Structures are given as C-alpha cells and as structure tokens.
Amino acid sequence: MRVGIRAKPHEIQIARLEKGLSQGEVATALGISRGYLSEIESGNRGLSPALARKICQLLGKKFGEIFEVVAISKIESRWKNERDGEKKV
C-alpha cells in the first residue's frame with residue numbers, strides 16, 4: 001500500500017491565521033503558488049515530506065497537529081502516473 005501526506009482539513013489555515021499570515025505570504029515563504037497552498041490547506045492535495053516539514057517550521061507546529069499520513073487509492077495513483085507521463089497498461 002502506498003501512502004501520502006495530506007493536511008488535516010483547515011488546520012494549516014487555522015495555524016496560519018493564528019500567526020497573522022496571509023495565504024500569499026505563506027506561499028511566497030514556501031516558494032509555491034497561492035493556489036497550491038489553498039489546495040493543500042483544504043486537504044485536497046498531497047505534498048512532499050520536505051514541503052510538510054517547511055510548513056511545520058514556518059507555522060511552529062508539529063507534523064501530527066496539521067498533517068496525516070493516508071493511503072493513496074489506486075485511482076489517485078493512476079492519475080498521478082498518467083499526469084507524470086508514466087501511462088499504465
């Protein structure tokens with residue numbers, strides 16, 4: 001079984017607002033787009049361990065407070081492979 005990292009819905013947003021930071025400020029500090037951050041915050045987009053670590057450091061939170069490790073479904077895995085040019089047969 002493959003696993004991925006997902007934000008617990010709205011936990012990053014809550015932590016960001018507690019620090020008085022806008023989405024744009026956090027996205028810029030992380031080197032990602034505001035749209036990508038929005039998808040991460042809502043739990044609709046996975047992210048790399050390195051980016052999760054940067055977010056934790058920036059917001060002063062522990063991994064388990066704002067992220068969870070989840071199983072990646074076969075459909076999502078297939079979509080990712082096709083998106084990355086590794087079409088399955």
If packing is taken as the average count of other Cβ atoms within 10 Å, what order do 18-24, 43-49 fall into, highest mean first?
43-49, 18-24
Can you figure out the FRET efficiency of E39 with K62, using R₀ = 35 Å and their beta-carbon distance, to the nearest 0.05?
0.95
How far apart, in nanometres, would the label points at A71 and V3 be if each is projected 7 angstrom from Cα along the Cα-to-Cβ direction?
1.2
Would you tally the net charge around L51, using a Cβ to Cβ cut-off of less than 13 Å, leaving L51 out, and scoring K and R as +1, D and E as -1?
+2
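Rule-based calculations on the coordinates, nothing more; no lab input. As the structure is a computational prediction, the values presented were derived from the model and not from experiment. As a convention, Cβ positions derive from the backbone with ideal geometry for all residues, glycine included, and neighbour counts pool all protein chains shown.
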